[in-house]
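The values are calculated or read from the model by the stated rules, or taken from the named source; none is laboratory data. Here the structure is a predicted model, which is why all the values come from computation and not from measurement. Cβ: placed from backbone, ideal geometry, glycine included. Neighbour counts: every protein chain shown. Accessible surface areas use protein heavy atoms only, side chains included; no ligands, DNA or RNA. Shrake-Rupley method; radii C 1.70, N 1.55, O 1.52, S 1.80 Å.
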Amino acid sequence: MQAIANSSQIKSKRKSTQKRAFNAQAFLDSAGVARKVVEYRRSEKVYSQGDPATSVMYIQAGGVKLTVVNEVGKEAVVAILGPGDFFGEGGMAGQPVRMGTATAVVPTRLLVIEKNEMIHVLHAEHAFSDRFVSYMLARNIRVEEDLVDQLFNSSEKRLARTLLLLARYGKEDQPEGLIPKVSQETLADMIGTTRARVNFFMNKFRKLGFIQYNNDGCQVHKSLLSVVLHE
């Protein structure tokens, strides 16, 4: 019995250690990692397209919108990121300047890590490196899925999928499916349609009980998934 108890304790400690090892927030908060904490107001720019790409950001709280402007001044929303997400990593791949603009969509707190420090950490800390690589691979898959979604799905399905992603559907850190206040113009840019269409579908989703508005933003219910799965 004692052996079983000891074995259980060892497994418990191992799981606890593994959880701590892959906890990016805990690691970035630890001593010896050169970083700074910066807070941004709603609609405040974190960086602008064309700025030097000298750092990587990690979202502690809040949300960030990534946008790109083309030669004729048309802006497109690339992504909206939330707590636990990295962004601004392009400089690590050789990009000398920011390829887009990052803007806080709600009051936001970021950990800002200098590019050279981030590269050093990825080489020195294998657990953190695994976490970062897994995150980047998952985000690449998300980009591919977004492209397929844009090419083959209706605007209604694209909006439903976008709301579920913004609500971090299936993520333990966002069990209630609450998304911050995002304008319908932003949603329209993200899915490639008009604000009028977004307004029509949002009202439809609300009447069907898929979403619910409150003072903190928009509550997205799991039932919205039926729109995405419906053929």
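Here are the numbers for the structure shown:
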| read-out | value |
| --- | --- |
| Extreme residue, most open to solvent (accessible area, probe 1.4 Å), among residues of region 150-181 that are charged (D, E, K, R), at pLDDT below 80 and more than 15 Å from Ser223 (Cα to Cα) | Glu172 |
| Search result, residues across region 82-107 that are within 13 Å of Tyr47 (Cβ to Cβ), of a type outside the set (Phe, Trp, Tyr) and either in contact with a strand residue (DSSP E or B) (Cβ under 8 Å, 6 or more places away or on another chain) or surrounded by fewer than 16 Cβ atoms within 10 Å (Cβ to Cβ) (or both) | Gly88, Glu89, Gly91, Gln95, Val97, Arg98, Met99, Gly100, Thr101, Ala102, Thr103, Ala104 |
| Residue within region 64-73 that is open to solvent by 70 Å² or more (accessible area, probe 1.4 Å) and in contact (Cβ under 8 Å) with a residue 12 or more places away in the chain present | no |
| Segments classed as strands (runs of 3 or more DSSP E), wholly inside region 50-160, with at least 2 members that are under 29 Å from Ala196 (Cα atoms) | 64-69, 75-81, 101-104 |
| From Ile119, Ile141, residue being of a type in the set (Val, Ile, Thr), without any contact (Cβ under 8 Å) to a residue 24 or more places away in the chain and either crowded, with 17+ Cβ neighbours inside 10 Å or closer than 27 Å to Ser48 by Cα (or both) | Ile141 |
